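What follows is a set of notes on a single structure, which appears directly below.
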Amino acid sequence: MGSRLFYVIYHVEEFQGNWWDIFNPLQGDGKFGMGGLSMMGGVVLSVLGGIAFLSWRRAKLWRIADMVAPTFALGVGITRIGCFLNGCCFGKPTNSSLGVVFPADSFAGYVFPHQHIWPAQLFASAMGFLIFALLLLSERKKRFEGQIFLLMVVFYSLGRFVIDFFRYYEESMVFVRIQGVSFSTNQALIVPILIISLVLWQLLRRRTEQPRQKP
């Protein structure tokens with residue numbers, strides 16, 4: 001729901017006059033599936049929903065968050081391979097030898113026909129697998145509950161912020177341009193998420209260390 005909502009907010013012009021398409025599971029070609037999703041919207045809403053549910057159940061929030069954090073990174077690594085094969089979430093044109101040309105019948109090939117573009121999906125996939133490995137290694141030196149989850153958020157935020165410079169976004173997804181450099185709405189969302197994560201890191205770490213300092 002969050003993925004769809006975030007996409008609709010920034011592409012509302014696509015649904016004017018036909019608002020049913022927001023919920024319609026049938027695409028224009030008759031195929032089943034809902035086109036137009038934003039991963040960041042899904043991540044934010046799922047995290048908030050998970051926190052609300054675990055708090056309501058009075059579960060050990062941070063311990064559970066640490067347990068599921070590596071699976072999120074692994075999921076990013078796997079799903080972005082699917083994005084590459086589907087030709088969505090693609091990069092900007094490039095003259096680099098890393099550039100790839102997508103088939104004309106894919107969305108990437110339609111937007112940039114016969115052009116080499118950055119394989120932004122594979123960059124994101126590699127980032128996901130790398131974060132997954134780092135989180136597993138970090139579990140050996142875990143010092144407080146919530147550390148692995150917050151580490152995942154920090155790693156993902158920094159990686160996603162950088163990768164978005166290589167990724168293509170339509171004008172509706174450009175948040176601001178500074179000195180000719182475009183910053184996406186996803187990057188704008190990442191900044192407060194990163195700040196909040198760093199603040200929580202300090203609070204949880206200090207809460208864990210305080211009992212040790214008592215005589």
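Every read-out reported here was derived from the displayed coordinates using simple, explicitly stated rules and does not represent laboratory data. This one's a predicted model, so the numbers in the text were calculated from it and none came from an experiment. No Cβ is skipped: glycine too gets one built from the backbone with ideal geometry, and neighbour counts run over all protein chains shown.
For the stretch 80-90, the condition of being under 24 Å from residue 161 (Cβ atoms), touching a residue at least 60 places away in the same chain (Cβ under 8 Å) and not small (Gly, Ala, Ser) holds for at least one residue. Would you point out the residue of the stretch 143-158, among those that are of a type in the set (Phe, Trp, Tyr) and part of a helix (DSSP H, G or I), that is surrounded by the fewest Cβ atoms within 10 Å (Cβ to Cβ)? Ranking the candidates gives 155 first. Only residues that are assigned to a helix (DSSP H, G or I), among the aromatic types (Phe, Trp, Tyr) and buried (at least 17 other Cβ atoms within 10 Å of the Cβ) were counted across the stretch 109-128, and they come to 1.
Looking at the stretch 83-98, can you tell me whether even one residue there is of a type in the set (S, T, N, Q), crowded, with 20+ Cβ neighbours inside 10 Å and part of a helix (DSSP H, G or I)? No, every residue in the stretch 83-98 fails to be of a type in the set (S, T, N, Q), crowded, with 20+ Cβ neighbours inside 10 Å and part of a helix (DSSP H, G or I). Among all residues of the stretch 172-192, there is none that is in contact with a Leu (Cβ under 8 Å, 6 or more places away or on another chain), without any contact (Cβ under 8 Å) to a residue 60 or more places away in the chain and either surrounded by fewer than 16 Cβ atoms within 10 Å (Cβ to Cβ) or over 20 Å from residue 76 (Cβ atoms) (or both).
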